[in-house]
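The values are calculated or read from the model by the stated rules, or taken from the named source; none is laboratory data. Everything numeric here is computed off the predicted structure, so don't read it as measured data. Don't worry about glycine lacking a Cβ; one is built from the backbone with ideal geometry, like all the others, and counts go over all protein chains shown. Note: areas computed on protein heavy atoms with side chains; ligands, DNA, RNA excluded. Shrake-Rupley method; radii C 1.70, N 1.55, O 1.52, S 1.80 Å.
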Amino acid sequence: MSRVAYVNGRYVRHAEAGVSIDDRAFLFSDGIYEVIEIYQGALIDERGHLDRLARSAGELRLTPPLGEAALRFVMRELVARNRVQFGHVYLQITRGAARREHTFPPAGTPTTLVAFARSHDPDAGEAKARKGVNAITLPDIRWKRPDIKTVSLLPNVLAKQQAKEAGAYEAWLVDADGFVTEGASSNAWIVDKTGALRTHPADSSILLGITRARILEIARAKGIPVIERAFTVAETHEAAEAFISGATTLVMPIVRLDGRPIGQTSSDCAAPGPVSLGLRACFHEFAVKSV
C-alpha cells in the first residue's frame, strides 16, 4: 500500500508530495512542527500537542491554514489511510511560499501545511528500553528560544550525528554554566540517590515536552518525589538512574553517559533502573488517547 501525505488541502502519494522551492521553511527554517504518538490507532495526548502547536504559532506570528477541528480531521484521516496502529503523525506549518526576503511576506500569503503518518515497530522500542541506551554530552549551541518547536534544528542535527558517530543514541546538551538542558531530540532526566526525579525546569531553555508533562503527572501520582531543577553532568554520573523522554521514545533509559555507567560501578553492569522502566511501563495507562 502506498503511503499518503497531506499537502495544502490535498491527500497525495507520499512519494509525490512536495512544496514550492520558495517556501520559507526551505529558505529560512520559518516554520513550526509537532510529532504526536499513535498508539493502538489512537493519538496520544493530542490536546497538549495542539496547544503547544498554537503556542509556537503565536510566538512566531504564524496563522495556521486550518482550524483545530479540521486539523484533527486531517490527522485521523492520515492514520486511517496509512493504516497506522503504532507510529506517529508529523505536522508542519510554515509561513508559506513567497519571494526570498527576510521580512514577512505580504499579508494574505497562504501558510503551508504538510502532514504525514508513519508506522514503527513497538517491540523494537521495548527491546531498546530493556537494554538501555548510551548518550554523550555536548555544548548547547542552539538559539535562545528552544521552547518554540520550530523546524530550525541544525544544531540538534549536528549533535545527533556526533552522538551516532560516537556509538551513542542521544546527545545531552550542556549550557555555559555546566547544566544539562535537554537532549538533541528529547528531554533529560535523572533519578538522584534519594530516589527523587529531577529534570530541567520548563523555561525558555528547553522544549516544553508534552511527554515530559505526562511523566511528571505519573511520578506525582506514584508518590515519586519530583524536583524541577537543573542538574550537572557530574550529578548525572552520581545519579541512580538517567533517562530521556519524547513522543517517539517515551521513557528511554540512559545507562552510560560519555562512556561512564549510570548508577553502577562497572560498565559491564550498566542496566536500566526500576524507576525508568516503571514509568515507561505505565505511561499509556495515564496518557490521554484520542480516537
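Of all DSSP bridge pairs formed entirely within the chain, close to 80 percent run antiparallel. If the segment from D123 to L158 were pulled out straight at 0.36 nm per residue, it would be longer than the present Cα-Cα gap by 9.8 nm.
For the chain, adding -39500 (n - 2.57) for each run of n ≥ 4 DSSP H residues and dividing by the number of residues yields -9000 deg cm²/dmol at 222 nm. Summary of packing: across the peptides 181-187, 226-232, the per-residue average of other C-beta atoms within 10 Å ranks them, highest first, as 181-187, 226-232. The share of alpha-carbon pairs in the chain lying farther apart than 36 Å comes to 17%. Relative contact order for the chain: 19 percent, from Cα pairs under 8 Å spaced at least 6 residues apart, divided by residue count. Sorted largest first by accessible area at a 1.4 angstrom probe radius, with every protein chain in place, the residues L153, L257 fall in the order L153, L257. Potential lengthening of the chain between D258 and D175 amounts to 28.2 nm, from the contour at 0.36 nm per residue minus the alpha-carbon distance. For R99 and D22, the difference between the fully extended length at 0.36 nm per residue and the C-alpha to C-alpha distance is 27.1 nm.
Placing a label point 7 Å from the Cα of D203 along the Cα-to-Cβ direction, the residues of the range 165-185 with a backbone N closer than 19 Å are 173-183. Dividing the Cα radius of gyration of the range 139-291 by 2.2 N^0.38 Å, with N the residue count, gives 1.00.
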